[in-house]
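These notes concern the structure reproduced below.
Read-outs throughout are calculated quantities, based only on the coordinates presented, and are distinct from any laboratory measurement. Please read all numbers here as calculations on a predicted model, not as lab measurements.
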């Protein structure tokens, strides 16, 4: 697989890694990240997962998850459907 860049302890994910996953252009990825339509979460591994991080990106009804090591090397990638919150109906 490829690498995710690491700068000052933060991970920098190239838009190209997400574009195909979500069926968007790289520019659309950047815009949707800025406007909050694509959200992300970074989780630090503990115990047997120490030294690894889980980076998860959510957009509409899909998620993309990368497991990376301390250098940003992608160890695993998963794409899966997620449930979206439906608006509550008012009476």
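General remarks:
- Computed on the chain, with alpha-carbon pairs under 8 angstrom and 6+ residues apart, the relative contact order is 23 percent.
- Between 14, 35, 61, the GNM of the chain built on Cα springs shorter than 10 angstrom shows 35 fluctuating the most.
- Surface/4 of the Cα convex hull for the chain, nm²: 7.7 nm²
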